[in-house]
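Heads up, the thing below is written out as structure tokens.
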Amino acid sequence: MNKLGRGQRDKVQQFMLITGASEKVAIQVLKASDWQFEGAFDIFYSHPHLKSVADTRHIEELYNRYKDPYADMILADGITLLCNDIQVDPQDIVMLVISWHMKAATMCEFSKQEFVGGLQSMGIDSLEKFRERIPFLRAELRDELKFREIYNFAFGWAKEKGQKSLALDTAIGMWQLLFAEKQWPLEDHWCQFLQARHNKAISRDTWSQLLEFSRTIDPGLINYDPEGAWPYLIDEFVEYLNENGKGKTSEWNYTK
Amino acid sequence: MNQREIIDFHEGWKFMQNGITKLKSILEGAAETHFTSEEHIMLYTTIYNMCTQKPPHDYSQQLYDKYKESFHEYITSSVLPSLKERHDEFMLRELVRRWQNHQVMARWLSRFFFYLDRYFISRRSLPPLMEVGLTCFRELVYQEVKVKVRDAVISLIDREREGEQIDRALLKNVLDIFVEIGNGLMDFYEKDFEDAMLKDTGAYYSRKASNWIVDDSCPDYMLKAENCLRREKERVSHYLHSSSETKLLEKVQHELLFVYATQLLEKEQSGCHALLMDEKVEDLSRMYRLFSKISGGLEPVSNTFKQHVTAEGSALVKQAEDAVSQKKTDKKDVVGVQEQVFVRKVIDLHDKFMAYVNNCFLNHTLFHKALKDAFEVFCNKGVAGSSNAELLATFCDNILKKGGSEKLSDEAIEETLEKVVKLLAYIGDKDLFAEFYRKKLARRLLFNKSANDDHERSILTKLKQQCGGQFTSKMEGMVTDLTLARENQTHFEEYLNNNPTANPGIDLTVTVLTTGFWPSYKSFDLNLPVEMVKCIEVFKEFYETKTKHRKLTWIYSFGTCNVNGKFESKTIELVVTTHQAAALLLFNTSNRLSYQEIMAQLNLSDEDVVRLLHSLSCAKYKILNKEPSTKVISPNDVFEFNGKFTDKMRHIKIHLPPGDEKKKVIEDVDKDRRYAIDASIIRIMKSRKVLGYQQLVSECVEQLSRMFKPDVKAIKKRIEDLITRDYLERDKDNANLFKYLA
């Protein structure tokens, strides 16, 4: 610590506060990332052995705070309280990211293992740390690979237990939430199309292929291959767009 | 020891020279006597001696040279001048004469100088005497005059083409020279004559063709072309060398046919299309013969043929559709007479064009394919909402059932069935045909409407041959079931005899069917009249004595009842279905019943109740009176037993028309197709493990093509369904690739 400049020392302190890492680890990681926080966090979280064991006792205390009085799980009320405590809207997409870290099986509930395991893996053992982690969690959505994982995770998480497919309304809601981050120009048309023509649940295959569609096919549909292996629902969507004169035009305003 | 006298060269040669001179004058036609044998021997011996003398008196080489010189001298002094002063045909004649003379001269001289041939030429590796002679003639005469000769011959040929009579023997002799001058090689004939002749032929026919193509109709042109080819072939046999035949004919074909093929075929009033329209069989045969000789000649013809057949077929479709649209609306859903006529016409069309393929087009594969492609196009169009699969099945039904609309002899029936099965080959949805056929077969078998068992079996055999055993296995099962059912009935009757307590109270015949073979039927929980309930129980008891592992489901919609109607004037026996009987028996206890009451008591659907009440109150025989007495059944109607009903017959059948089977058949087939597609995809993926989307689809289509043409969208949906059911998954990196999940 003595060889570090004041700015670097500040960073080390901050880093330790946020991640709960020891000073030694904090310096190591920050050096490796050339004193940039973003890189440092990345390195830190992808090397579990660097994390100090976030204090399990504290985590259990947190669990008990939110757990339902009658079941050994955190249910809707508990979650509302948690959201309050971490100053996040329950509808905020960051909740999805958190659920992903927890590997939660289904929305609106966390099992003890999910909650504890999740917080441990995130290195969070206090509400303060939790609050400070929020921006980082939000930033994870901008990473292509992580977004895809979160997106695909969302399917299993949002659907009813025991069902193989995702109810249409829920799916549309999730898409609106997710694409608010990703900006897909055809999103509205997609949802309209589903409501007008499909009216049935969404399969997992369609869900995951839609992301690929949004990422690789341009909104003018110029590079869409109708002989390709897209799910038939997406084929029908393209037909729908062409019918309504929206395909293959260059009059598109969109932000990439 | 005989000392031979040495012959001095000059002396010896002088002697020989006399002999040669004599030979020459013989050739020139002077009235000299021929060589006597002594003269011959003397000349020969002189040479012999001069060659066998000891050196330096061995004059072989000199004699050899002199031999050659003799030819030179003769040719230069006599032969060439005489040729040079003549022209055209006269020159040709002179040439032939001189050539023949030369050969005689060579032969004689070779005999005289024979001894040289024996030892000298091989010792020195020199050409033999005859060859020397030939070479002389060739170098000195042939090479000089060959161009003039060639041109003279060609112009004679052209004159013959224009119709003039020419001296064919002369030409043959001249051309023989071209051949023989090569001494085994055809090079001189080919380079010095044939090439130019072919070129001239090409130009000749090119001129002719350019006129004919404008002036003549297609058949006339073709006739001329055929004649030209025939005459050129004859020309070869008359005087050209046989090796010229192929090249010559090819040249003519090229100029007359290849160059103008398109124009010829597409001539407005008389081209291929017109000939087909006007059924000009002979002209079409000629067209085939001619165009089969040029490369790529038959493709346009077969294409026009294909278009023609497709147009004719589509016209039939349109005709049938128009006729159907004029039908009365209440008969719209029933496949009627117009559709039957349509099938007949399609069969006839097929016969007609197959005859074309066999006769005009000599069974060529291109035309078989054209016919097939054409039929596949319009045979899959359907008429007025009924698919061709349904039309064919109905057509067969009409032939095979009693009282069908086709009244034909046994032979005619066999023939027709044969043709229908052939048409099936063109239909993509064979499984749809199978299902319709099965439904109709069931009706025929169960209502005993089959006209002839042999025909039924015969068509199944034909279908089996064409489409495989799997296609007909269920149908064959149905036919077998009936035979077994009859046996079973015998056993049932024995059982009844042996058990007097088991008495149904009514004469009962039961046909037990194997579920898998027969089409699926909705079984209704018809409320049976009391009398019939006992029958069911008795039979059930009997059946359980035979086998305990099977479950009986009763299909009353296919039953028949004989019911006695005690009308006021007389009792008439009514032959009705079980449903109709159940309805009638209700009137044993109530005189008047409303539609709703009947429906409630019978426990049947609206559709069935309407049909059945209609047959009893609004059709030919009014067993029931209906209020109001309209022709349509409505839920507010009230029915009453018509005591006043009578008919001159004592025994009448009240027909109950079948409901609309079409929808159900299509549903069943669609369901079966989904299973078939699933099975096919799984089969393919199981063996390939990993496969790209496009390939999977095309293999699937191919596997299923024997029975139907699967829709690519349907296959896609099944793939997705199989993904959801965890049989398959997409590859993580390539969404177009699928993996089999064991």
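Of the trypsin sites (Lys or Arg not before Pro) found in the range B:260-329, those that fall in a DSSP loop while having at most 11 other beta-carbon atoms within 10 Å are B:K328.
In summary, the range A:122-241 shows an alpha-carbon radius of gyration equal to 1.20 times the 2.2 N^0.38 Å reference for compact globular proteins. Rounded, prolate or oblate: which fits chain A, taking a ≥ b ≥ c as square roots of the Cα gyration tensor eigenvalues, rounded meaning a/c under 1.5, else prolate when a/b beats b/c? The shape class here is oblate.
Principal semi-axes of the equivalent ellipsoid, √(5λ) from the alpha carbon gyration tensor of the protein assembly as shown, are 94, 59, 27 Å from largest down. The antiparallel fraction among DSSP beta bridges confined to chain B stands at about 90%.
Taking the DSSP bridge list for the protein assembly as shown and keeping only pairs wholly inside it, about 90 percent are antiparallel. The GluC sites (Glu not before Pro) of the range B:61-162 meeting both criteria, a DSSP state outside H, G, I, E and B (loop) and at most 14 other C-beta atoms within 10 angstrom of the site's C-beta, are B:E85, B:E162.
Among the trypsin sites (Lys or Arg not before Pro) within the range B:477-581, those in coil by DSSP and having at most 12 neighbouring Cβ atoms inside 10 Å are B:K522, B:K548, B:R550, B:K551, B:K570.
Between the helical axis of B:244-253 and the longest alpha-carbon principal axis of chain B there is an angle of about 50 degrees.
When the solvent-accessible area of the range B:599-671 is split by element, carbon and sulfur atoms take up 57 percent of it, the probe being 1.4 Å.
Compared with the dominant Cα axis of chain B, that is its longest principal axis, helix B:281-291 is turned about 50°. Using C-alpha pairs under 8 Å with a sequence gap of at least 6, the mean separation divided by the residue count of the range B:1-155 gives a relative contact order of 27 percent. Would you work out if the range B:367-422 is rounded, prolate or oblate? Take a ≥ b ≥ c from the square roots of the eigenvalues of the alpha-carbon gyration tensor; rounded if a/c is under 1.5, else prolate when a/b is larger than b/c, oblate otherwise. It comes out oblate by the Cα gyration axes. One Cα centroid belongs to the range B:113-187, the other to the range A:200-226; the line between them spans 83 Å. Shape class of the range B:449-492 from the Cα gyration tensor (axes a ≥ b ≥ c, square roots of the eigenvalues): oblate, since a/c reaches 1.5 or more and a/b does not exceed b/c. For the pair the range B:517-532 and the range B:705-742, the centres of their Cα atoms are 40 angstrom apart.
Here each label is just a point 7 Å from Cα along the line to Cβ, and for B:E476 and B:D151 those points are 8.1 nm apart. Dividing the summed helix terms, -39500 (n - 2.57) for each DSSP H run of n ≥ 4, by the number of residues in chain A produces a 222 nm estimate of -18000 deg cm²/dmol to the nearest 500. Measure nothing but the geometry: give the 0 to 90° angle between the long axis through the Cα atoms of B:337-355 and the longest principal axis through the Cα atoms of chain B, rounded to 10°. Result, in degrees: 20.
Where only DSSP H runs of four or more residues are counted, chain B gives -19500 deg cm²/dmol as its mean residue ellipticity at 222 nm, each run worth -39500 (n - 2.57).
The values are calculated or read from the model by the stated rules, or taken from the named source; none is laboratory data. Note that the structure is predicted; figures quoted are calculated from it, not measured. No Cβ is skipped: glycine too gets one built from the backbone with ideal geometry, and neighbour counts run over all protein chains shown. Heavy atoms of the whole protein, side chains included, go into the accessibility calculation; ligands, DNA and RNA do not. Shrake-Rupley method; radii C 1.70, N 1.55, O 1.52, S 1.80 Å.
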